[in-house]
Amino acid sequence: MGAINWMLNDVWPGVTNATLDYLDSPKVAHDLHRQCMNPVLANGKTDAKRGAVEIHLTCDCHPYQRGVLRWTLVHVDGRTLAAGERQVELPQFQSRRIMELELRAQIAAFGVRNLLLFLETLDGHGVLLGDNVLAWCPWTHLNLQPAAIAVRQHGNRVEISADKPALWAWLPQPQAGGMLQDNVVHLRPGLARMLVLSPPDEYRELTPKSLKDTY
C-alpha cells in the first residue's frame, strides 16, 4: 500500500495544495504528510455527548514488537488534568481499538473548548515513535492561549518546548545552509521536542509559530 501526494511543489506563488512553495521551501503540510504515514500511529474518536474517547492504534511494517501508549489530558492554560499509559502490542499490518477513556467529569467541569488529549506512542526503550492530539470541538473553536515557546540549539539539534499547548508548532526554515527535519510538532507542556538541522549549521531565526498565530 502507498499514497501519492498531488502536488509536490508550486511553480509560481499561489494558494495551492502543494507542500513545497515556489522557492522549494517546505510548507507546514510537507512534514505533516510524513507524520500521517508513521508506521505506528495512535488516533482516536472523541464523543463530547458521552464525554469519552476511543483510542485506536494502527501499525504498518515496522521492527517493533511492544511499546507504550501514553495519554495526557491538558487544559489550554497548560495544566495537566489527567494522564495514564498502557503497555501495548504492536503487531504489523493491524489497526485496532486499544481503549476507551471516560472523561465526562473533566468535560463537564472545563468544557470541550478548553481540553486537549495528547497521545504518544513509545518503543520499549522510551523512544517516541509518533504522537497525535485530539479535541472534542473544531480546532478553531478551541480557546487556545498564546504559548511561550522556548528554542535552544545543541549542535545540529534544535530543542523546542512550550508552557501551554502549541499545536502544529514550527520554526522558519533556514534561508541557507540547512533544513529542519520533521519541523511541525504538537507541543505538550512538560515535553520538549527535538528537531534535526541537516546539514549542521548555526540556526539564527528562532521565531517559532503555531496554530494560534494563524487566526
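Every read-out reported here was derived from the displayed coordinates using simple, explicitly stated rules and does not represent laboratory data. Predicted model, so just to flag it, every value in this text is computed and none were measured. Note that we place each Cβ from the backbone using ideal geometry, even for glycine, and neighbour counts take in every protein chain shown.
Cross-link reach is defined here as a Cα-Cα straight distance under 17 Å, omitting same-chain residues fewer than 8 places apart; for Lys45 the aspartates and glutamates meeting it are Glu54, Glu100, Glu102, Glu120, Asp131. Take every pair of alpha-carbon atoms less than 8 Å apart whose residues are at least six positions apart; their mean separation over the length of region 61-215 yields a relative contact order of 19 percent.
Counting every other Cβ atom within 10 Å of each residue's Cβ, Ser198, Ser161 order from fewest to most as Ser198, Ser161. Annotation: the residues Tyr215, Tyr22, sorted from fewest to most other C-beta atoms within 10 Å of their own C-beta, follow the order Tyr215, Tyr22.
Rounded to the nearest 20 debye, the dipole magnitude of region 1-146 is 520 debye, with +1 charges on Lys and Arg beta carbons, -1 on Asp and Glu beta carbons, and the Cα centre as origin.
Toward the positive end of the charge dipole of the chain, with +1 on the Cβ of Lys and Arg and -1 on the Cβ of Asp and Glu, the farthest Cα among Leu101, Val76, Leu191 is that of Leu101. Ordering Gln181, Leu211, Val133 by the projection of their Cα atoms onto the charge dipole of the chain, which places +1 on the Cβ of Lys and Arg and -1 on the Cβ of Asp and Glu, puts Val133 at the extreme positive end.
Taking a straight line from the alpha carbon of Lys209, these lysines sit under 26 Å away, with near neighbours fewer than eight places off in the same chain left out: Lys27, Lys164. Springs between alpha-carbon pairs under 10 angstrom, Gaussian network model over the chain: which of Thr80, Thr58, Thr140 fluctuates most? Looking only at Thr80, Thr58, Thr140, the largest GNM fluctuation is found for Thr140. In a Gaussian network model over the chain where Cα atoms closer than 10 Å are linked, find which of Val196, Val127, Val112 has the largest mean-square fluctuation. Sorting by GNM fluctuation, first place goes to Val127. Panel order for Asp182, Asp31, Asp163, by other beta carbons found within 10 Å of each beta carbon, from fewest to most: Asp182, Asp163, Asp31.
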